[in-house]
1. Among (1) out of contact with any His (no Cβ under 7 Å at 6 or more places or on another chain); (2) more than 30 Å from Ala237 (Cα to Cα), there is one condition Asp365 misses while meeting the rest; what is its number?
2. Under 9 Å between Cβ atoms, which residue pairs at least 6 apart in sequence (or on different chains) link something in region 309-326 that is touching a residue at least 12 places away in the same chain (Cβ under 8 Å) with a partner that is basic (Lys, Arg) and within 11 Å of ligand 2 (Cβ to nearest atom)?
3. Output the residue which, of all residues in region 193-228 that are open to solvent by 40 Å² or more (accessible area, probe 1.4 Å) and away from ligand 2 (no atom under 15 Å from the Cβ), is farthest from Ala183 (Cα to Cα).
4. Take the residues of region 8-48 that are closer than 21 Å to Gly191 by Cβ and of a type in the set (D, E, K, R): which is farthest from ligand 1 (Cβ to nearest atom)?
5. From the list Ile87, Ile46, Ile37, exactly one residue is within 24 Å of the chain's Cα centre (by Cα) and either within 16 Å of ligand 2 (Cβ to nearest atom) or at pLDDT 95 or above (or both). Which is it?
6. Considering region 342-377 alone, what residues qualify as being within 23 Å of Met246 (Cβ to Cβ) and exposed (fewer than 13 other Cβ atoms within 10 Å of the Cβ)?
7. Restricting to region 269-306, give me the number of residues that are open to solvent by 40 Å² or more (accessible area, probe 1.4 Å) and touching an Asp or Glu at 6+ places or on another chain (Cβ under 8 Å).
8. Within region 246-268, can you find the residues that are without any contact (Cβ under 8 Å) to a residue 24 or more places away in the chain and open to solvent by 50 Å² or more (accessible area, probe 1.4 Å)?
Amino acid sequence: MSSEKPAVRLALLGCGTVGSEVVRLLHEQSEDLTARIGAPLELVGIAVRRPGRQRDSDIDPALFTTDALGLVKRDDVDVVIEVVGGIEPARSWLTESLKAGKSVVTANKALLAEDGATLHDAAAEGGADLYYEAAVAGAIPLLRPLRESLHGDRVTRVTGIVNGTTNFILSSMDATGAGFGEALDEATELGYAEADPTADVEGFDAAAKAAILASLAFHTRVTAADVFREGMTGVTAADMASAKEMGCTIKLLCIAQRGEDSAGTDSVSVRVHPAMIPRSHPLAGVGDAFNAVFVEAEAAGQLMFYGRGAGGTPTASAVLGDIVAAARNRLSGTRAPSESSYAHLPIRPIGESVTRYHISLDVADRQGVLATVAGVFAKHEVSIATVRQSGRDEDATLVIVTHGAPDANLAATVEDLRSLDIVRSIASVLRVEGGA
Ligand code: NDP
Ligand code: HSE
């Protein structure tokens, strides 16, 4: 399809898992994209680290450069697409681009969560668009609904499964009874887990996404450092079996919640940790490496977003959507909605987060033990909802589920329990979410 309008010129930084799919889709859907935008898209350069690397033979080798900064500084570049990742040099490239008035599309959750403020400030200074739909939950249209569709509403809570690798591992543990190590090996063999899975299994990836979601949902700058983070490497086959007995499963959740702190001030709590959720909860059925995010807003009620949160092609879909939006804005001389961070809500400390808990402890099986253990919970004002005991010779395993209690009270309870002679070990402490 021909177009009267001059091309919108794109610089691509990175041509790996996501970048190579962006190039493929730009090529394959070129006619449709031109029709939808009203002008063609022209890729003028691709910055990579190893230009000699074997790549898709359809890409013109003359496009490749190792000089990313030189590429973004070119006068003929309108839109910079960053799919390299990491903090530096990506931050310098994007700041340079935005200040110069170039639109930016990025999938870089690590950078946005660590120092999104620098990018937003540069976008404001340069009057440029900053789009990052692919940074959270891959293909799922989630940030635009939070950034635009829900701007007339008041979001109260965002609960999500935003890491595909860990969801695959936990779903596999739930389905087969496997332990964490065995399920991780399977995830690695199938290509879900990276060679170094630390960012996924320790919750860093989900924490970055949680910070981005909380910032958008609550009109407040939230960084990864504000997010309470606990990984899922400690979840055992026994925990999963216990969850099943309670009609639950275990998921690595990101939870961002607006509410009052202990002083009655409107505030935000953001946390990432494994949690038991009832099988009837909408997130419990999210299996395999899928992502899903459950949003609660005062007027809209409950909303659920579901889909593929990772992978080259699904992530490229979100990148392409942003490219189309940025290109349209340039042609019409308009801008995307800028950052909304007017609320400046304080971050509520994790100690004030109220949750129910599942505690599994090995104790001596003799008279008065249960009463002593219950007394420790009572001392710290943690109310017990249920107790299950199973015996083994002279020892017993107690599984205690509490009513909602502040995290600080539960932590003090666990510390006191550890110091009791009758408590052999505390096998696990897991949060319970969602009405189980
Ligand atoms: P890859 O590691 O597959 O690709 C990274 C690309 O960046 C490669 O092409 C590499 O070049 C290039 N690169 C690295 N360093 C430099 C440098 N100094 N100068 C120029 N180019 C450089 O990463 P992904 O495609 O998986 O991820 C890209 C981004 O997308 C990250 O921010 C990631 O968090 C995000 N993301 C990824 C998802 C996924 O499923 N993979 C999902 C959602 C977001 P070379 O090819 O020469 O090595
Ligand atoms: N490692 C991430 C995941 C990739 O497993 O979900 C997508 O951000």
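The values are calculated or read from the model by the stated rules, or taken from the named source; none is laboratory data. Predicted model only: the values in this text are computed from it and were never measured. Every residue, glycine among them, receives a Cβ derived from its backbone with ideal geometry; neighbour counts consider all protein chains shown. Surface areas here come from the heavy atoms of the whole protein model, side chains and all, with no ligands, DNA or RNA. Shrake-Rupley method; radii C 1.70, N 1.55, O 1.52, S 1.80 Å.
1. (2)
2. Between residues of region 309-326 that are touching a residue at least 12 places away in the same chain (Cβ under 8 Å) and residues that are basic (Lys, Arg) and within 11 Å of ligand 2 (Cβ to nearest atom), the close pairs are Gly309/Lys209; Pro314/Arg308; Thr315/Arg308; Ser317/Arg308.
3. Here the residue is Arg221.
4. The extreme case among them is Arg24.
5. On inspection, the qualifying residue turns out to be Ile87.
6. Those that are within 23 Å of Met246 (Cβ to Cβ) and exposed (fewer than 13 other Cβ atoms within 10 Å of the Cβ): none in region 342-377.
7. Of the residues in that region, 5 qualify.
8. Hits for region 246-268 are Glu260, Ala263.
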